[in-house]
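Written below as structure tokens is the structure these notes are about.
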Amino acid sequence: MTRAPEERGGAPVGFMAELDRVGAASVIYLRMWYDGPVSKADVWNDFSSSLGTDDGRRALKAFENLCSLCLQHGRRPLVRHAINCKCIGSDESCFANFITTAANGEREDAMLIATLLVRTDIAPLITSLAIDFGLALMKVNLRALKNLNHDTHHSQSDRPTFH
């Protein structure tokens, strides 16, 4: 029996905890973006508070354009799990790998992954946006780690361990 296309992309393939920080953040923001206007505002607040107004605006614009192009030119709608769901679906896994690959400077591989999400003529556009968005997520992570290292309220042993 073949699953309907809208179910196929939602099949659980892993857990959020298995993703790296950029991949996990990209899935969380993807879920938030399509959860409604309040969650969209939360995305902006996260970006602006973590990156500053100007860099946050650039990150938001890259993400907004990326989502818009995926919606307009996608092979089919991306299936997403609930915001707090611990598992990830196959579409979300593809999106996370796409953003992470792009952010790591593997442009050709990212473009290949992009063809799984959108028409081939749109792949270069979303790859450029994914690079910008992914690099912004890396910057957020670096700032979070820097702030954690400068936290004077917790002893070294109280700090979380990142794997």
- Item | For His81, residues with placed amide H under 5 Å, excluding near neighbours | Gly89
- Applying the Karplus parametrisation 6.51 cos²θ - 1.76 cosθ + 1.60 with θ = phi - 60° to the phi angles of the range 102-108, what ³J(HN,Hα) value in whole Hz is obtained for each residue in order, glycine and proline being reported as x? 5, 5, 7, x, 8, 4, 5
- Exposure proxy ranking, count of Cβ atoms within 10 Å, fewest first, for Ile83, Ile126: Ile83, Ile126
- Message: Using Cβ contacts closer than 10 Å as the measure, can you line up Thr101, Thr53, Thr115 from fewest to most?
- Response: Thr53, Thr115, Thr101
- Note on the structure: Scoring only Lys, Arg, Asp and Glu (+1, +1, -1, -1) among other residues with Cβ under 13 Å from the Cβ of Glu64 yields +3
- To the nearest 0.05, the calculated FRET efficiency linking Leu112 and Thr53 through their beta-carbon distance, R0 being 22 Å, is 0.05
- Query: With each pseudo-label sitting 7 Å past Cα toward Cβ, what's the Val79-Ser39 distance in nm, one decimal?
  - Reply: 1.7
- Query: Taking neighbour counts of Cβ atoms within 10 Å as a proxy for exposure, in what order, fewest first, do Val27, Val79, Val140, Val38 appear?
  - Reply: Val38, Val79, Val140, Val27
- Ratio of the Cα radius of gyration of the range 12-142 to 2.2 N^0.38 Å, where N counts its residues: 0.95
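No lab work stands behind these numbers, since they all come straight from the coordinates. This structure is a prediction, so every number in the text was calculated from the model and none was measured. Ideal geometry is used to build each Cβ from the backbone, glycine not excepted, and the neighbour counts take in all protein chains shown.
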